[in-house]
Each structure stands twice: as C-alpha cells, then as structure tokens.
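The values are calculated or read from the model by the stated rules, or taken from the named source; none is laboratory data. Bear in mind the structure is a predicted one, so any value in this text is a computation, not a measurement. Cβ: placed from backbone, ideal geometry, glycine included. Neighbour counts: every protein chain shown. Accessible surface is based on the protein model in full, side chains and every heavy atom, while ligands, DNA and RNA are left aside. Shrake-Rupley method; radii C 1.70, N 1.55, O 1.52, S 1.80 Å.
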Amino acid sequence: PTFSLGTVSVDKTTAWVPVNSINADISGQKSLTCTTGVGPCSCNGSVCKAAGLTPGTSYTMTITLTDNATNTTSKTVTFKTESDLIFSQVSVGQYVKYKPSKSSYSISTSLTGYSSYQTINPSELNLWRVIRKNSDGSIDLVSEYLSSKSIAFEEKEGYKKYIGTLNTIASQYETSGITSGSRYMGYNGQTQNITDETALNKTSDAAWTSSTTASNSPKGSIREAQGGGDTLYETDTDLVRAACGNTLIAKELSALLNREYWLASRFFEYYDSGNWSFGARNVDRNGDVKVGMYYWPNNSINVRGMSYLRPIVTLKAGIQASSGDGTKSNPWKVN
C-alpha cells in the first residue's frame with residue numbers, strides 16, 4: 001500500500017496529520033494507525049490525531065497503512081506543539097529573554113543639544129524584568145541592565161527635548177511582531193518637547209517661586225508644559241520597585257557595576273538667592289531619584305548631563321515563550 005502525508009496542524013496539546021493518496025486497491029485497506037509513543041493517537045478516515053501532548057514540545061508521529069494481505073507501509077513526520085502564551089506563565093518580577101532587532105542607532109545632535117551624534121546598540125539589552133501584566137494581554141518589561149554607553153544632553157535644546165528624545169530612543173528597542181510599544185522609564189504623559197519657552201527664557205526673576213510638586217505642576221498644566229517639572233515618573237518607579245525588590249538599581253551592561261541612568265522626568269527648583277534651575281532627573285547608583293542635569297536660564301554656563309539608558313518595552317498580546325521558567329538563570333525566552 002502507498003500513501004503520502006499532508007501538512008501537520010497543531011495547537012498546544014493536539015496534532016492532526018492528513019493522510020493523502022491512500023492506495024491499497026489490490027487486497028484492500030485493513031487499517032490505518034498512528035503512534036507518538038507518549039499518548040493517544042488514532043486515525044479517523046484520512047486524518048490521524050495525536051492528543052494529550054505537552055505545549056512547546058517536539059514529537060515524531062509514525063503512521064502505518066496495512067492492507068488485507070498484511071503488507072504495511074509506514075511514514076514518520078515531526079512537529080512541535082504550540083507553546084503556552086507567555087502572559088499565562090509569567091509573574092511580575094520574573095525574567096524574560098528578549099533581544100531587540102536593531103543593532104545600531106545614531107542619536108542626532110538636534111535631539112540632545114550635544115555637539116556630536118551618539119550611537120547605541122539596542123540589541124545589547126536582552127534580559128528584562130516583568131513590571132506589569134496589562135488587561136489587554138500585553139506585558140511591560142524593563143531592562144535588567146543599562147546601556148553600555150552613556151548619553152549626553154546639553155543646554156536648553158537638550159532640556160527642551162529631553163523626554164521626547166528618551167521616548168524616541170526607547171522605541172529603538174522594539175521588534176516588529178513581538179512588541180506593541182515602548183516608553184522610556186518614568187514617562188507618563190509629560191510634555192515631550194517644550195515649545196513654550198516663556199519660563200525657560202526668564203532671566204530677571206524666577207519663573208516660579210516654588211519647587212516641583214505633584215499639586216503645582218500636574219500633567220497637562222501650563223507649568224508642566226513650560227518645563228516646570230513633574231512627579232509623574234513615580235508610576236514607573238513604583239512598578240520597578242515592586243518588581244525588583246523595592247529597588248531602582250540596575251546593572252551596567254559591560255562591567256556589571258551600578259551606574260546612574262536617565263529618568264523621563266523634569267524638575268524645577270527655586271532658590272531664595274535669586275538663582276533657579278530646570279533639571280532632568282536620573283536614578284543614581286544607590287537607586288535614589290536625583291537631578292542629573294541643570295539648565296540655568298539666567299547665565300551662560302555650559303551645562304551637560306550624561307547618564308546611561310534603561311528603557312521599557314511592551315510585549316504584544318499572544319506572544320509565546322519557547323522555553324524558560326522565569327528565573328534569571330533560565331528566563332522565559334521569546335526570541
């Protein structure tokens with residue numbers, strides 16, 4: 001007897017194999033059977049079905065056609081069952097192995113105010129922590145490590161575009177078909193690029209007479225839009241602390257040392273002496289939120305800040321993990 005096999009169909013626990021062009025005409029077909037060696041397998045008509053399989057596992061199915069003269073023909077086919085969705089497997093705080101697709105990105109001087117282009121390698125960050133499971137089935141991840149290169153922002157242009165540039169940088173860590181979005185750590189709807197320079201250009205008196213607080217510069221307020229700062233970063237820092245053992249500390253990739261990294265948040269501080277400053281926040285090597293760069297509108301000091309990067313990406317709903325258990329030594333692997 002002769003036959004051929006069609007394309008295998010699988011889900012997480014079952015596989016179906018079409019059996020085509022069956023020919024046992026001389027003596028007639030006696031039986032069509034199958035086995036995987038690990039669970040029930042049966043043939044009904046011209047389709048053989050294996051059930052009770054393990055998600056994300058490779059199998060071999062052997063199909064045997066027997067005619068009434070006891071002649072047999074066997075063929076084998078290999079397949080792999082679908083994996084469980086990572087959303088159903090992971091918990092907040094667990095580790096995920098995910099490698100961004102882009103290996104190089106040059107950050108324009110127009111985005112940072114810095115004197116030259118700066119280049120990063122997004123694909124170097126490939127170990128992440130789960131900080132939130134979203135209601136739509138997506139998962140927010142923060143990088144466990146920092147970029148190997150620090151990024152500089154300088155003077156007013158750097159300050160104006162600080163948050164927008166950090167979000168642009170974060171988007172370079174995405175991968176088509178795997179991620180559904182990104183943000184830089186600390187971003188929660190703040191003004192990305194300041195276009196109203198009224199406060200930034202004041203030199204004879206302070207723009208405001210009180211430091212940034214949650215009440216005097218909320219999201220969408222004139223003060224926040226003019227660069228007065230915000231406390232909206234607390235949403236992300238709270239998520240990271242809850243996921244990473246109540247700490248914001250991250251390791252620097254190349255030397256595995258604690259390093260400072262940028263946080264997507266601005267800060268305004270008023271001084272009674274008549275000096276005032278607009279600042280860009282960062283997280284220092286002790287895990288504390290500080291101000292890493294100042295812009296003084298009332299003088300011409302060349303102000304520059306340099307820190308490392310720690311982006312957040314969102315795994316799209318429906319992503320499967322090919323292996324792992326969520327530990328640092330065996331993280332869930334998605335690509």
- Query: Along region 230-243, what does the Karplus equation 6.51 cos²θ - 1.76 cosθ + 1.60 (θ = phi - 60°) give for ³J(HN,Hα), rounded to whole Hz, x for Gly and Pro?
  - Reply: 6, 10, 5, 4, 5, 4, 6, 5, 5, 4, 5, 4, 5, 7
- From phi via Karplus (6.51, -1.76, 1.60), per-residue ³J(HN,Hα) for region 17-26 in Hz, x at Gly/Pro: 10, x, 10, 10, 6, 5, 9, 9, 5, 5
- Packing-based ranking, highest mean first, of 100-113, 155-168, 194-207, 311-324 given that Cβ atoms within 10 Å are counted: 155-168, 311-324, 100-113, 194-207
- Please report the orientation-averaged projected area of region 129-195, defined via the convex hull of its C-alpha atoms, in nm². 5.7 nm²
- Round to the nearest 0.05 the FRET efficiency obtained for Thr198 and Lys149 when R0 = 30 Å and r is the Cβ-Cβ distance. 0.30
- FRET E, pair Asn335, Glu157, Förster distance 45 Å, beta-carbon r, rounded to 0.05: 0.80
- Message: Rolling a 1.4 Å sphere over the protein heavy atoms, what is the accessible area per residue of region 1-94, to the nearest Å²?
- Response: 52 Å²
- Query: What are the semi-axes of the equivalent ellipsoid for the chain, taken as the square roots of 5 times the Cα gyration tensor eigenvalues, largest first, in whole Å?
  - Reply: 60, 17, 16
- Task: Give me the percent of the accessible area of the chain that comes from carbon and sulfur atoms, probe 1.4 Å, all protein chains in place.
- Result: 46 percent
- When each of Lys219/Lys251; Lys161/Lys202; Lys102/Lys316; Lys49/Lys133; Lys133/Lys290 is checked by Cα-Cα distance, pairs over 23 Å: Lys219/Lys251; Lys49/Lys133; Lys133/Lys290
- Item | Spacing of the two label points (7 Å from each Cα toward its C-beta) at Ser46 and Asn258, in nm | 6.9 nm
- Task: Find out how many positive minus negative residues lie around Glu154, taking Lys and Arg as positive, Asp and Glu as negative, among other residues whose Cβ is under 12 Å from that of Glu154.
- Result: +2
- Query: Residues with amide H under 5 Å of Asn282's amide H, sequence separation 5 or more or different chain, H placed in the peptide plane at 1.01 Å from N; which?
  - Reply: Leu263, Lys290, Val291, Gly292
- In units of 2.2 N^0.38 Å, the Cα radius of gyration of region 1-108 is 1.58
- Leu141: net charge of surrounding residues, Cβ under 10 Å, Lys/Arg +1, Asp/Glu -1, itself excluded? 0
- Query: Between Thr119 and Asn23, what is the FRET efficiency for a Förster distance of 51 Å, r being their Cβ-Cβ separation, to the nearest 0.05?
  - Reply: 0.20
